[in-house]
1. How large is ³J(HN,Hα), in whole Hz, for each residue of segment 128-145 in order, when computed from phi with the Karplus curve 6.51 cos²θ - 1.76 cosθ + 1.60 and θ = phi - 60°, using x for Gly and Pro?
2. Output ³J(HN,Hα) for segment 171-183: one whole-Hz value per residue in order, computed from phi by the Karplus curve 6.51 cos²θ - 1.76 cosθ + 1.60 with θ = phi - 60°, and x for Gly and Pro.
3. Based on the alpha-carbon gyration tensor of segment 1-117 and its eigenvalue square roots a ≥ b ≥ c, which shape applies: rounded if a/c is under 1.5, prolate if not and a/b is larger than b/c, or oblate?
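Each value in this text was obtained by applying a stated rule to the coordinates, not by laboratory testing. None of the values given here were measured: they were computed from a predicted structure.
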Amino acid sequence: MEHWCDHPKGASPLGYLAMLRYESRGVWRDVAGAGALARALIEAGAPVNGEPGEKETPLITAASYGDAEVAQALITAGADLEATAADDAGGVPGGTALLHAAVFGATDVLDVLVSAGARAHSIEEAAATGDISGWLRPDTPPQARVRALVMAADHQRLEAIDELLAAGTPIDANDEVWGRQALRVAAQNARVASVEHLLARSADPNVRDPQHQHTALEWSQRARESVTDGRAHDRVEAILRAATALTRKHACGASVVEAGVGECFVRPHSPGDDREHQSAATPASVDHQPHRSSLP
């Protein structure tokens with residue numbers, strides 16, 4: 001437990017409990033009874049907002065690692081919903097528990113936080129919660145909209161996806177800050193509903209990330225190595241393979257549309273066939289699902 005970036009002196013019992021979903025081998029799994037153990041620790045006197053000097057509260061840690069049961073136990077005991085991580089914390093410096101849950105794809109924790117009254121402080125956070133009312137305005141920066149679309153896709157907030165697209169957010173654009181893109185993030189994190197939803201709205205499954213040149217399908221294949229149950233990835237990959245087949249192009253410029261296994265027809269190319277894919281400038285970092293590692 002020593003030398004962890006956010007717990008240089010070792011994690012407190014509640015902080016340690018909040019991290020148990022992540023194994024040092026890089027595998028995520030649910031931990032039975034974590035909520036009950038959190039309640040027992042609190043009843044025994046463990047400080048609900050953490051020990052002095054810790055860079056983040058146990059609630060922020062639970063949000064980062066996606067443990068909704070521990071988060072609920074902490075909230076019930078009075079954890080500070082608006083506490084922020086230290087400026088030199090290893091997760092999201094200066095971020096609240098809600099922002100950590102949004103960034104790290106912890107939808108279950110996000111829902112617990114919102115139900116308890118946690119507030120969004122940006123359109124990106126609002127999109128992660130599924131409610132962008134009052135956030136999407138004519139002067140909302142284009143890149144903030146792109147990041148919001150990625151958040152909505154990661155948390156399967158389908159109505160927010162539609163609102164952002166209707167406002168002109170480019171569906172295939174990259175986030176210039178983190179290099180993330182809606183379809184790739186949804187595929188990597190096995191968000192089946194979002195993958196289907198984005199493809200139905202003309203997201204291009206052939207778009208590759210600027211750094212590694214991987215498609216959404218390839219990101220899903222890579223990500224399954226860190227999960228214990230790959231069934232959702234199986235569904236995502238089947239959907240993406242079908243979508244990729246539908247968008248294949250003949251070298252001559254005619255579009256091939258497969259109607260079924262071993263069956264396809266060719267339709268003439270027309271000027272309106274190709275949707276212009278708007279993308280952001282090449283980001284500095286690769287499209288990926290952020291995660292909290294317990295390793296030094």
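1. 5, 7, x, 10, 9, 4, x, 9, 8, 10, x, 8, 5, x, x, 5, 5, 5
2. Values, residue by residue: 5, 9, 6, 8, 6, 5, 7, 10, x, 8, 9, 4, 5 Hz.
3. Cα axes put segment 1-117 in the rounded bin.
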